[in-house]
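Peer 1: One structure follows; several queries about it will come next.
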C-alpha cells in the first residue's frame, strides 16, 4: 500500500569479495566510505511511487549491476532478497608440449583447460640461469605458437596463462627444453704464439664466448703470406685441446696465425690474426689497453719469454687513418703510458720485444680512442647584426675540428651591457648566458635594452665542459623612437608675437638612440579647445634646449608641446604648456647713431610702422659702454626724435637701444653700436696699498686706469723697478693685460726699491704711475721654517709639514726629490707631493729663500703606502625614497689595517659636468679625521655639519661586508648621517695602516657617482634654549637691516621724482637732465673714483 516500507537485500559473492552499493538512477544511495563487503540492505520507508533500484558490485576484477523494480503492489513491510554472482578469473591452461626445436626457436602446443571462452593467451619464457627474467609474448589467440629469437644450445623454461574479461589467470605448469646447436658465433679468445727451439711454434687460446653448442675441435690456420686467400693457408686441426705445437717452420720468417672453433653443425668465425717471427726471442702477449685519459693511453702486456732476457721494447703507433708512424723505445716493463696525445682521437699500437738477438715479431695492432676534453679553441667567425631595437642576431662557425676534442654538446652565448668605462668591471651589469644546441650556429638575443652596446662572447662545450670564450665582440642594438618626452619644458612670452620655449634633454636612459633634434608643436586654443592643425617648428640640433616661435597673434592663447626625435621617428610629447601672448606693441623705430666730435655723438630715430588703431605714447632709450652694465635709460615724448650724448670715451664701443611704447607696452627694440677710435692711455694704473714685503721679495697689485682714461683695450703692462739711490736703468717687465698682481723676487734684503707701472693699448703706452718706494726686510735667521716631518703618506701622495711663525708675509721654499723641484709657500705649513709610486721610499731635500742657491738645508725620508684597496666599493640603491643606499666592500687581507673609514664626497655640478672630483690620495686626510662625528651628537650639531665638503660617515675596526648610508651600524663608532636630497655624491674607502714612521693611509678608487632624488625633507626641529637664539637672532637682524635699506631707497626716489620735470630711469646712478643730461659713463667715473 502507498506509504509502506520495504527492505531490499543484495548479496554479491566472488574472489576477491566485492564491495556492494545501491543507486537510484544516477544518485548514489550508499556513500563511498560506507560501502559494505558482500551484502548490502537498502531500507525504504514512506514509499509512494514505483522506482527501479540498482545494486552495483565492484572489485579489482570488474563491475556488475542488477536492477530491482519496486511497484505499488509490492509496497508493504517485507524484505526482498536476491544474489549477484561475480565472474571468476580463467583457470591455468594444460602443461605445454614441445613439438619442434631449432637452434633459435621452440614450438609448443597446449590445452585451454577452461570451459568458458578465453580472450587470448600469454606465453612467458626464460633461460635456465639464476639471473634471467621471464620474457612475455601476449595476444596469442591459438593454442600453438613458435617462440623465436632464442640462443642456440640453451635450456629454456616456458609456461602459458589465459586471459578473459576479468583479467589474467594463473600460469600453467612450466615445460623445460633445450634449443639445438649451431656453429660458434664468436672466435676463440686470447690467441698467443711462442717460438720454441728447433723452429717449432706453440699456439694457445681460450674457448669462444658464444660456442652455440659443444665444441668438437679447433683449426689453426697459418701462413707466411697473409695476402693469400684462406684456402691456401696451412691448416692444423686440434681435438679437445686449447694448445698445440706446429713444427718445421722456416727460420727468420714471420707467420700470420688465425684460429676458429667448430661444432657438429659447422665452423665458427676466425679469430683476429696474430703474427710471430721464427726467432729465439719471444713476442709480448696479452697486449691490451689500460687506463685512458684525454691525452694519454696506457698499454699493458705480459713480457715475452727469452732465455737471454729482454733488453728493450719498441712501440709503434699511428694517429687515426694516418700512415705516419711514430716510434718509442723503452726498457723492460709490463706497461707503458703514451702521453701528449690529442683528445678524442683514435690511435693504433703494436709492440715488439728486443733482445741481444735482435727485434722480435710485432704484436697485432690494437686501437683505442682518447677520451673527450674541453674544446681547446673558441668558435670562429663570430658575427653580430642588429635586427631590431631590442634584439641582436649572433652567428658563428664551430671550432676547428682538431680543437673540438670531442662531440660538441652545445654552445654558450654570454652577453653583457658595456659600461661607461672599460675598467669598471666590478660594477658591470650581470653577465647573461644563453645555451644553444650543437646543431645551431646562430641565436637571436631578445629583450635587450634599446640602443645599448653589448659585449658578446661564444664558447663551445663537450660532455667534459666548456672551452675558451671567443674574443669579445661589441655590438649595439638598433635605435628606436625616444621613450620619454623632453624634461622641464617652460614657455616664456617675449612679446605680442613671439614665445620662447625652453626644455631639457630626454633622460639618457630613455633616449633610445642619438637625438637628432627636437620638434616644437604649437596650436591656437579657444575656450579650452584647439583651433586648426598644430604647427611644427623643427630644431635639427641634438643639444638644442630652446627655440623662439615668432609670427604669432597678439593676445592669443597657444598650447605648446615638445618632442625629441631620432632616425626612427618622434618620441612622446611633453605635457602641453598653455600661454597667452601679450597685446600688440609697436615695431622697432628706425635708429641711427653718428659721432659729431671726438667726445660726443648724436642719436636719431624715426617712428615705427604702426598698426591701425595703435597709438604712440613715447620712446625708451638705453645707452652706454658695451663693456659696462647696466645701461642708462631715458624716456622721451612721442614727438622727440634725437638725443646728444657727450663725454664719450676713446677706444670704447657704445651700445644704443630704443623702443616705442603703446598701450600694450614697449615694443621691439632697435639696436645700434658706435665704435670710437682708440688712443694711447691718458692715465696710469694705480698701485694698490697693502703690498706684501719680505726680505727678498715684494708682492704688489694694481688697478687699471679709469675707464675715461684707458682710451682703448689694454694690451699689456710695463712694470719698472730699480734699487733706490742708484743711477742704473730700471728693469722693465712686460706683463699680460689680464694680470693685476706680480711678485718681484731675488731682491736684496734691507734695501729700498722704486716701482712704477704703465698701461698699453694697440696705439702705444701711456704714462708711468708715480714711483712708489718699498724697503725689503732684514733677514732674521731665527725666524725660518724648521722641523720638516712627514705628516702622512698614501699610495701616490706624501704630505710634508713644518713649523713656521706666520707673519703674514710670503716665504718661498723649494722641495727637491727624484730630480724634480717644487716651489711652496712656507706659510701653508704643509706640501702635497703627488704622482708618486706605491711601496717606494723617497728622499726629499728642502731649502728656503735665504739659501736657494746652496745645498738643501733639511732632508726627509718617507715611503708610500702598499698597493691595497685596488677595487672600488659597489653601490646598490634600494631605498631611494629615504635617500639611503647600500655599498659592499671587496674582500682583502686586512691584517695591516688599523682602522677603516667610509668617506662621502659631495660633488659640485657646473653646466652638467661633475667638478672637484680629486684623487682620493690627494685629499686632506688630516682634515677628514679631525671632523669625524662621534655617535650621540645633538641634532643641532648634526644640522650645523657642512655637508658640502667631504666627510667620514662610518668608522670600523673590522670592515663589514656591506654598509648602508644613513642607517646606524653596530660596528661603526661614527655618526652615519643621511644624504641630502637632490645632491650628487661619490664615495671611497679609507684605511689607516699600522706604520712605525708617521701616518700611512690607503684609499680605494671612487665609486660611481649617484644622485639622490629631489624630495621634500622635513627640517630637523630646532632645540630650545641656546639653539633657538642662534637661529632667531640672525633672522631678526637681517629683517631689520633690509627694512632700513628699503626706507632709504624710497626716500631718495621720492626726492628725485619731485626734482625732475619728466619720468626717467637711470639704472647706472647717473643724474641726467631731460634734454642735456650728463654722460652716465662720466658720472660713474666721477662717483667711483679710484683713490
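The values are calculated or read from the model by the stated rules, or taken from the named source; none is laboratory data. Just so it is clear, the structure is predicted and the values come from calculations on it, not from any experiment. Here the Cβ is made from the backbone with ideal geometry for all residues, glycine too, and neighbour counts use every protein chain on show.
Peer 1: Return only the number of the condition from (1) more than 59 Å from the chain's Cα centre (by Cα); (2) assigned to a loop (DSSP other than H, G, I, E, B); (3) at pLDDT 80 or above that residue 795 does not satisfy.
Peer 2: (1)
Peer 1: Here are some residues: 747, 634, 733. Which one is over 59 Å from the mean Cα position of the chain (by Cα) and without any contact (Cβ under 8 Å) to a residue 60 or more places away in the chain?
Peer 2: 747 is the lone residue from the list that is over 59 Å from the mean Cα position of the chain (by Cα) and without any contact (Cβ under 8 Å) to a residue 60 or more places away in the chain.
Peer 1: OK, next. Write out, first by first residue and then by second, each pair whose Cβ atoms fall under 7 Å of each other, whose residues are 6+ apart or on separate chains, and whose first residue, in segment 307-330, is modelled with pLDDT under 85 while the second is in a loop (DSSP other than H, G, I, E, B) and surrounded by fewer than 12 Cβ atoms within 10 Å (Cβ to Cβ).
Peer 2: Every condition considered, the pairs that remain are 308/356.
Here is a yes/no grid of residues against (1) closer than 23 Å to residue 994 by Cβ; (2) surrounded by fewer than 17 Cβ atoms within 10 Å (Cβ to Cβ); (3) outside the structural domain of residue 799 (by TED's automatic domain parsing); (4) at pLDDT 80 or above:
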position	(1), (2), (3), (4)
883	no, no, yes, no
898	yes, yes, yes, yes
920	yes, no, yes, yes
935	no, yes, yes, no
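Peer 1: Which numbered condition trips up residue 130, out of (1) part of a loop (DSSP other than H, G, I, E, B); (2) under 29 Å from residue 184 (Cα atoms); (3) in contact with a strand residue (DSSP E or B) (Cβ under 8 Å, 6 or more places away or on another chain)?
Peer 2: Checking residue 130 against (1) part of a loop (DSSP other than H, G, I, E, B); (2) under 29 Å from residue 184 (Cα atoms); (3) in contact with a strand residue (DSSP E or B) (Cβ under 8 Å, 6 or more places away or on another chain), the one that fails is (3).
Peer 1: Then there is this: For segment 141-250, which fully contained strands (runs of 3 or more DSSP E) count at least 3 residues that are over 29 Å from residue 353 (Cβ atoms)?
Peer 2: 144-147, 155-163, 168-171, 175-178
Peer 1: How many residues does segment 491-523 contain that are over 27 Å from residue 568 (Cβ atoms) and under 48 Å from the mean Cα position of the chain (by Cα)?
Peer 2: Total meeting the criteria: 7.
Peer 1: Out of 975, 984, 992, report the one residue that is surrounded by fewer than 21 Cβ atoms within 10 Å (Cβ to Cβ), in contact (Cβ under 8 Å) with a residue 12 or more places away in the chain and out of contact with any helix residue (DSSP H, G or I) (no Cβ under 9 Å at 6 or more places or on another chain).
Peer 2: Testing whether each residue is surrounded by fewer than 21 Cβ atoms within 10 Å (Cβ to Cβ), in contact (Cβ under 8 Å) with a residue 12 or more places away in the chain and out of contact with any helix residue (DSSP H, G or I) (no Cβ under 9 Å at 6 or more places or on another chain) leaves just 984.
Peer 1: Report the residue count in segment 703-728 for those that are under 19 Å from residue 773 (Cβ atoms) and either buried (at least 20 other Cβ atoms within 10 Å of the Cβ) or not assigned by TED's automatic domain parsing to the domain that holds residue 768 (or both).
Peer 2: Final tally of qualifying residues: 2.
Peer 1: Ok, one more. Would you pick out the residues in segment 851-871 that are at pLDDT 80 or above and farther than 23 Å from residue 798 by Cβ?
Peer 2: Passing the criteria: only 871.
Peer 1: Moving to a separate point now. Regarding segment 219-234, can at least one residue be identified that is over 26 Å from residue 365 (Cβ atoms) and either surrounded by 15 or more Cβ atoms within 10 Å (Cβ to Cβ) or free of Cβ contacts under 8 Å to residues at least 24 places away in the same chain (or both)?
Peer 2: No - not one qualifying residue is present in segment 219-234.
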